[in-house]
Amino acid sequence: MSSHTRPARRSLGAVKRPNFSTDEGPVAYSFDNLRSLFGFCLILGLAWLFSSGRKQVPFRTVGIAIALQVVFAALMFNVPPLRAALQSIAAGLGVLLQATREGTQFVFGYLAGGPAPFDTVEPANNFVLALQVLPLMIVVSALSAVLWKWGILERLCRGIGYVLNRTLGLSGPIGLGTAASIFLGMVEAPMIVRPYLMRMSRADIFLIMTAAMATVAGTVMALYIALLQTTIPEAPSHVIVASFMAAPAAIAIARVIQPPGASGVIQDEKPPPRLYHSTMDAFARGVQDGVNVFIYVIAMIIVSVAVIALADIALAAWLPDVNGAPVTAGRLLGWLLSPFMYLLGIPWQDSVDAGRLVGIKIVLNELLAFINLSGIPLEDMEPRSRMMMIYMLCGFANFGALAIMIGGLSAMCPERRQDFLDLGIKSMWAGIMANLLNGTLMGIVLTA
């Protein structure tokens with residue numbers, strides 16, 4: 001962070017939610033909103049520049065996908081019943097976190113936040129991430145599997161898939177796979193359409209991969225909310241909306257970068273296979289999947305922090321201090337990406353922090369970026385910038401996640417392994433662009 005004096009910060013309560021229509025008079029938009037509009041067009045322009053068929057881009061489909069983003073955000077934030085539903089979901093996740101703590105404290109005692117059997121000298125140091133927050137993923141994974149078995153999540157995915165089919169002309173499997181990415185992981189979502197992978201066009205495979213990269217599973221969605229809700233009052237609503245908006249954003253970017261051919265629609269669609277044989281099977285497999293993710297996340301955080309520490313040690317040894325502070329990997333990423341973040345609508349005083357967070361998400365993973373975001377003091381980042389960062393970071397797109405997705409897809413359909421490898425890196429960057437597109441859209445409408 002630079003040593004220059006920052007302007008006075010507004011409180012988080014001063015940030016205005018997206019207000020697409022208001023009876024309170026004109027909305028106080030600023031030059032930051034205009035830069036976000038420029039950034040929105042810039043991302044679409046970059047996608048078109050790297051398109052594999054610029055003349056075949058279905059601009060109607062892209063335009064409708066972007067319109068769905070706007071309409072969804074407008075409905076969720078401005079229609080009272082839907083906004084109330086968001087708040088109910090957020091409250092439910094709070095209850096779920098509390099229930100999870102009951103389980104972890106029963107097993108791990110004071111390490112999981114229970115009463116300590118001794119006098120605590122430094123209460124601020126009692127927080128143990130692995131035992132007080134991360135176990136939520138196991139509980140959410142088990143409940144998600146049960147809800148899928150009972151048909152609740154499946155019907156919701158089919159409903160969203162139907163909307164995507166009617167508005168964007170996506171085939172049933174493509175719409176279902178894209179919708180499933182909102183709730184399931186980057187491997188589990190494509191598994192829903194596993195029988196169709198062999199017959200999908202490269203463009204449709206690319207869309208499925210991009211959606212998996214741009215969205216986050218319900219398992220980690222709840223984790224992000226738990227990390228952010230103490231510093232951002234409306235974080236639960238924004239994380240949920242960000243994940244939903246990522247689906248049409250992924251469609252828009254994917255169709256620009258890899259336009260569909262004439263054989264993009266799958267015929268003779270059959271219902272996908274059942275994932276679980278019974279409720280108990282769903283519960284047990286959900287717990288097992290959650291444990292696998294839990295262990296993976298812990299290992300990823302340990303290694304990621306270690307890699308950053310090694311890079312910081314090396315940079316401190318090789319490079320002189322800048323503004324009285326050592327050069328670190330985070331500062332380098334922030335400096336490199338700060339001009340781009342400024343073009344996307346982030347105020348200049350926040351652009352280094354924003355660039356650092358986006359760089360951590362791309363190079364390492366989005367969870368570490370969210371942990372860093374939650375650790376930024378309220379006075380060190382504008383409320384509007386903080387909200388935009390939620391949308392820009394809310395997606396799986398990074399190198400580690402890409403390797404997991406390609407491995408999972410190759411195991412499901414080894415015949416298309418070469419296509420998965422060819423489209424992998426491109427789908428990761430498409431997912432990143434979809435997340436940035438979401439952030440700039442919110443930057444257009446958010447006022448502080």
Using the Cα centre as the reference, give the magnitude of the dipole from point charges on the C-beta atoms of the range 365-424 (Lys, Arg: +1; Asp, Glu: -1; all else neutral), rounded to the nearest 20 debye.
-> 120
For the chain, the percent of accessible surface on carbon and sulfur atoms (probe 1.4 angstrom, ligands and nucleic acids excluded) is 66
Per the helix-only model, the chain has a calculated mean residue ellipticity at 222 nm (DSSP H runs of ≥4, -39500 (n - 2.57) each, divided over all residues, rounded to the nearest 500) of -22500 deg cm²/dmol
Relative to the present Cα-Cα distance, how much length would full extension add between residue 108 and residue 71 at 0.36 nm per residue of separation?
-> 8.8 nm
Output the Kirkwood hydrodynamic radius of the chain, Cα pairs only, in Å rounded to one decimal.
-> 22.6
At q = 0.19, 0.20 Å⁻¹, the log10 of I(q)/I(0) for the range 321-448 from a Debye sum over equal Cα scatterers comes to -1.00, -1.08
Each residue of the range 35-44 in turn: what ³J(HN,Hα) in whole Hz from Karplus with 6.51, -1.76, 1.60 and θ = phi - 60°, glycine and Pro shown as x?
-> 5, 5, 5, 4, x, 4, 5, 4, 5, 4
For the chain, with every protein chain kept in place, what is the accessible area per residue (1.4 Å probe, Å²)?
-> 44
At 1.4 Å probe size, with no ligands or nucleic acids counted, give the accessible surface of residue 66 in Å², nearest ten.
-> 30
Using a simple charge model, +1 on the beta-carbon of Lys and Arg, -1 on the beta-carbon of Asp and Glu, nothing else, what dipole does the chain show about its Cα centre, in debye to the nearest 20?
-> 1180
Want the number for residue 130 to residue 417: 0.36 nm per residue separation, take away the alpha-carbon distance, what's left?
-> 99.8 nm
With a bin width of 5 angstrom, please list the P(r) values of the range 319-366 as percents of all Cα-Cα pairs, from the 0 bin to the one holding the largest distance.
-> 5, 25, 26, 23, 15, 5, 0
Can you put 201, 36, 278 in order of accessible area, largest first, using a 1.4 Å probe?
-> 278, 201, 36
Of 343, 251, 128, farthest towards positive along the dipole that unit charges on Lys, Arg, Asp, Glu beta carbons give the chain | 251
So, with points 7 Å from each Cα along the Cβ direction, the residue 202-residue 98 label distance in nm works out to 5.4
Given H placed 1.01 Å from N in the peptide plane, which residues other than close sequence neighbours of residue 322 have an amide H under 5 Å from its amide H?
-> 327
Based on the alpha-carbon gyration tensor of the range 126-241 and its eigenvalue square roots a ≥ b ≥ c, which shape applies: rounded if a/c is under 1.5, prolate if not and a/b is larger than b/c, or oblate?
-> prolate
Over the Cα atoms of the range 27-87, what Rg and Dmax result, in angstrom?
-> 15.6, 44
Size of charge dipole - the range 37-129 - debye, nearest 20, with Cβ of Lys, Arg +1 and Asp, Glu -1, no other charges = 800
Quick one: how many Å² of residue 48 are accessible to a 1.4 Å probe, rounded to 10?
-> 110
Residue-wise HN-Hα coupling along the range 363-379, computed from phi with Karplus coefficients 6.51, -1.76, 1.60 (Hz; x: Gly, Pro) | 6, 10, 6, 6, 5, 5, 5, 5, 4, 5, 4, 5, x, 6, x, 4, 6
For the chain, with the dipole built from +1 on Lys and Arg beta-carbon atoms and -1 on Asp and Glu ones, taken about the Cα centre, which of 408, 198, 320 lies farthest toward the positive end?
-> 198
Report Rg/Rh for the range 269-377, rounded to two decimals, where Rg is the Cα radius of gyration and Rh the Kirkwood radius.
-> 1.19
61, 178, reordered so the largest accessible area comes first (probe 1.4 Å) = 61, 178
Rounded to two decimals, what is Rg over Rh for the range 45-142 when you use alpha-carbon atoms and the Kirkwood radius?
-> 1.27
So who's got an amide H within less than 5 Å of the one on residue 57, skipping anything under 5 residues away but keeping other chains? H placed 1.01 Å off N, in plane.
-> none
Gained length - residue 319 relative to residue 51, 0.36 nm times residue gap less alpha-carbon distance = 92.6 nm
Whole-Hz Karplus couplings 3J(HN,Hα) for the range 164-169, θ = phi - 60° and coefficients 6.51, -1.76, 1.60, Gly and Pro as x, run 5, 5, 6, 8, 10, x
Approximate spin-label separation residue 309-residue 380, in nm, with each point projected 7 Å along Cα-to-Cβ = 1.9
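The values are calculated or read from the model by the stated rules, or taken from the named source; none is laboratory data. In this text, all values refer to a predicted model and were calculated from it rather than measured experimentally. A quick note on method: Cβ atoms are made from the backbone with ideal geometry, for glycine too, and the neighbour counts reach across all protein chains shown. Keep in mind that these areas ignore ligands, DNA and RNA; they rest on the heavy atoms of the full protein, side chains included. Shrake-Rupley method; radii C 1.70, N 1.55, O 1.52, S 1.80 Å.
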